[in-house]
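Chemist: First the structure, which I've put down as structure tokens, then a few questions once you've had a look.
The values are calculated or read from the model by the stated rules, or taken from the named source; none is laboratory data. Everything quoted here is computed from the prediction, not taken from an experiment. Note that each Cβ is placed from the backbone with ideal geometry, even for glycine, and that neighbours are counted across all protein chains shown.
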Amino acid sequence: MVLAAADASGLKVTALNLRFDGPEFAAGAFTHPQLKVRQSAIQIASAAVDLAAANNIEHVILWMGPDGFDYPFQVDYAEIWILEIAGFREVAQRNAAVRVSVEYKPSDPRRTAIIRSMADALLAVQAVDLPNFGVTIDFCHSLMAGEQPAAAAALALRAGRLFGVHLNDGYGPADDGLMVGSVHLWQTLELLLELRSGAFTGTIYFDTFPDRLDPAAECAANLRSMQRMEQLLDRIPVSELRRIRNNQDALAATQLIQNLVFGSDSA
């Protein structure tokens, strides 16, 4: 039904984004203590890969919200890591033509997630060791993890495993899902610049929560913000920025970006 509606509207579905909700997965998905529940989660993810392949959808994103722990001594950390990697590998092996990525998040719903940072995600990529398994970065999740999103993205780009980008915004401690660039404008600009510099060819998604806003108007606002930020980036003097970065000159970097946004300081 969703695929038919997208097709009728001339929209391309570029990814399926999975989550494991409900009481069945409250204690975990790929890391659930019961084998039958783990198998059920893997079957759901594998079915998503099959659906993607059948409909020319290139990417399946796994957000493993239930996989983690809440208390000290609750889990065997080595064991749940092994289970998580085994699940990722089985899903990615389902069809080499479909990209599979993990979307990391440090917490929520679990107090501590098993894949909680870009470092964890890239370690998982290394352990899975399949060319079609990578990472999706979510801007709010990266802030929650105490990261600079551009720096985190640079690591995945360098590894050739950044498959997707979820744009949104927030205040840091929680997954606020606010409009793109509404709080962390500088960091959003820097992330978009890093994606350009790293020749990112994947899809940028809006993952926002317009709970008290008109969803269509909010989406349009995100598009306008993106267009304006891209126009700003078109005007960045690349050679000057390279020189500033080579000198690690924070004052010059700040002035350059402020001049782009606010206009040159004539004082």
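Chemist: Does any residue of the stretch 42-55 turn out to be without any contact (Cβ under 8 Å) to a residue 24 or more places away in the chain, touching a helix residue (DSSP H, G or I) at 6+ places or on another chain (Cβ under 7 Å) and in a helix (DSSP H, G or I)?
Modeler: no
Chemist: Related question: Take the stretch 205-229 and flag every residue that is surrounded by fewer than 17 Cβ atoms within 10 Å (Cβ to Cβ) and either in contact with a Gly (Cβ under 8 Å, 6 or more places away or on another chain) or closer than 21 Å to residue 254 by Cβ (or both).
Modeler: 209, 228
Chemist: I'd like to know if the stretch 193-201 contains one or more residues that are at pLDDT 95 or above, touching a helix residue (DSSP H, G or I) at 6+ places or on another chain (Cβ under 8 Å) and basic (Lys, Arg).
Modeler: Within the stretch 193-201, one or more residues are at pLDDT 95 or above, touching a helix residue (DSSP H, G or I) at 6+ places or on another chain (Cβ under 8 Å) and basic (Lys, Arg).
Chemist: Here is a further query. Given the options 108, 175, 138, 169, name the one that is on the phi > 0 side of the Ramachandran plot and not assigned by TED's automatic domain parsing to the domain that holds residue 257.
Modeler: 108
Chemist: Give the stretch 166-195 a look and list any residue that's touching a Leu at 6+ places or on another chain (Cβ under 7 Å) and assigned to a strand (DSSP E or B), or say none.
Modeler: 169
Chemist: Pairs only if they're at least six apart or on different chains, beta carbon under 7 angstrom, first in the stretch 65-87 and assigned by TED's automatic domain parsing to the domain that holds residue 117, second aliphatic (A, V, I, L, M) and in a strand (DSSP E or B); list them, first residue then second.
Modeler: Sorted first by the residue in the stretch 65-87, then by its partner, the pairs are 67/113; 68/113.
Chemist: Also: Residue check, residue 228 against (1) in contact with a strand residue (DSSP E or B) (Cβ under 6 Å, 6 or more places away or on another chain); (2) over 20 Å from residue 61 (Cβ atoms), all met but one. Which one?
Modeler: Residue 228 satisfies all of (1) in contact with a strand residue (DSSP E or B) (Cβ under 6 Å, 6 or more places away or on another chain); (2) over 20 Å from residue 61 (Cβ atoms) except (1).
Chemist: Look at residue 255 and say whether it is in the same structural domain as residue 174 (by TED's automatic domain parsing), assigned to a helix (DSSP H, G or I) and out of contact with any strand residue (DSSP E or B) (no Cβ under 8 Å at 6 or more places or on another chain).
Modeler: In short, no.
Chemist: Would you say residue 50 is closer than 22 Å to residue 97 by Cβ, of a type in the set (D, E, K, R) and either assigned by TED's automatic domain parsing to the domain that holds residue 105 or crowded, with 20+ Cβ neighbours inside 10 Å (or both)?
Modeler: yes
Chemist: Also, quick follow-up: Could you grab me the full set of residues in the stretch 10-24 that are of a type in the set (A, V, I, L, M, F, W, C) and outside any loop (DSSP other than H, G, I, E, B)?
Modeler: Passing the criteria: 16, 18.
Chemist: Is it the case, given these coordinates, that residue 201 is part of a loop (DSSP other than H, G, I, E, B), buried (at least 18 other Cβ atoms within 10 Å of the Cβ) and among the hydroxyl-bearing types (Ser, Thr, Tyr)?
Modeler: Taking the combined requirement at face value, the residue does not satisfy it.
Chemist: Please go through (1) out of contact with any Pro (no Cβ under 7 Å at 6 or more places or on another chain); (2) over 23 Å from residue 60 (Cα atoms) for residue 218 and return the number of the only condition it doesn't satisfy.
Modeler: (1)
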